[in-house]
1. Within the stretch 320-336, list the residues whose amide N lies under 15 Å from a label point set 7 Å along Cα→Cβ of Glu354.
2. Identify which of Gln41, Gln244, Gln212 has the largest mean-square fluctuation in a Gaussian network model of the chain, with springs joining Cα atoms closer than 10 Å.
3. Which number gives the lysine pairs in the stretch 23-145 that have C-alpha atoms under 30 Å apart and are eight or more places apart or on different chains?
4. With +1 on the Cβ of every Lys and Arg and -1 on the Cβ of every Asp and Glu, and nothing else charged, how large is the dipole of the stretch 5-64 about its Cα centre, in debye rounded to the nearest 20?
5. On a straight-distance basis, which lysines could pair with Lys286 in a cross-link, Cα separation under 21 angstrom, same-chain partners fewer than 8 positions away excluded?
6. Based on a Kirkwood Rh over C-alpha pairs, give the Stokes-Einstein translational diffusion coefficient of the chain at 4 °C and viscosity 1.567 mPa s in µm²/s.
7. Once both axes come from the Cα atoms, what is the angle between helix 362-377 and the longest principal axis of the chain, in degrees from 0 to 90, rounded to 10?
8. Determine, from the Cβ-Cβ distance of Asp91 and Glu228 and an R0 of 25 Å, the FRET efficiency 1/(1 + (r/R0)^6), rounded to the nearest 0.05.
Amino acid sequence: MNVDELKKDIQAYAKTIGIDEIGFAAADIFTELKERLRRQQELNYQSGFEKGSIEERTEPKRLLPEAQSIISIAVAYPSRMDNTPRGTKGDRRGIFARASWGIDYHVALKERLDKLGEYIQERVPDAVVKSMVDTGELSDRAVAERAGVGFSGKNTSIITKEHGSFVYLGEMLTNIPFIPDSPIEDGCGDCTICLDACPTGALIQGGQLNAQRCIAFLTQTKDFLPEEFRNKIGNRLYGCDTCQQVCPWNRDKDAHFHEELEPDPELVKPRLRPMLHLSNREFKEKFGHMSGSWRGKKPIQRNVIIALGHYKEKTAEEDLVAVMKRDPRPVIRGTAAWSLGKIGTDTAREALAETLEKEDDEQVQFEIENALSVMKVK
């Protein structure tokens, strides 16, 4: 087996199956990442969504004992869409982050990695491969950085020279000893635009993120959202693109290479009020193919309610009162109370006071009382 020729053939084949960037790295321990993860853990900066122990996330051979190399892939996705619907007073809309446009990227990348793995095993029958996308133990970004796919920006995203940071990442462990590609030079320099633009100050310093303050993480939580973040979320229903939107490397980057990743404008910028009334089945049928649906309906509906409060949308008052009084989920009832407090009408005040007499959940009671107190200050 000529490994150099095989590598060139894999690079060529990757282009034919919709892989936009590919790089090769050694399956050595990610020593620097290990220290960074330990520090993140000490500072409680982790999201809680991470899979595996620090050792599993930084030692490839724990996942595939015979691993010699890691193949990193990147697939570019759109940053703009045509015919973007506009929300208006009385007809407000939310927004899903670009990473949730089109079909779930886990599916899109897994299909490509499966094809790549089959191709490799056809060429090398005794090849061993193990692929993962985002939900695996390995850090997609650390692998991509080592493999020269891109550099790690101060916004903690991998930034590729051709496509900016609007790329999905995945990787494949293999026992084939490929010659590694070289990492590319850091391209951020003294720029701090992303740090300055972060709505919650989640980017502590170049390359360090406090996930507990990151809107992209917060929109995926299922509990009550801390008060300090509610106004900052605005109309975001899933994810946050701010640190990518402001990045100079993303200027004029807008990849429309893959039909399955194209956004449906009515799904990625949906009307808010109808989303309050979706059943679980309706939610899955409408949004289930999108990565933004992975946590289910509850976080999205909570964020819908926050967005309506953010807009002080009086036309949603009746819907919010019904939710506050009848929804079985305390987080949804309590968030509706907060939103009604933001709207601040006499009708909202009366509904809050009436509901407080019957509500038996302590956290919901707190939210109602807080909403009423805010309205008194007004």
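1. 320-327
2. Gln41
3. Going through the stretch 23-145 pair by pair, I get 13.
4. Values: 11 positive and 12 negative charges, 15 e Å.
So the dipole magnitude of the stretch 5-64 works out to roughly 80 debye.
5. Straight-distance partners of Lys286: Lys222, Lys269, Lys297, Lys298.
6. Values: Rh = 22.4 Å.
The Stokes-Einstein estimate is 58 µm²/s.
7. It is inclined by approximately 60 degrees.
8. Working: r = 29 Å, r/R0 = 1.15.
Given R0 = 25 Å and the Cβ-Cβ separation, E is 0.30.
Here, each number is a calculation from the coordinates, and none is a lab measurement. On a predicted model such as this, the values are computed, not experimentally measured, just so you know. Every residue, glycine among them, receives a Cβ derived from its backbone with ideal geometry; neighbour counts consider all protein chains shown.
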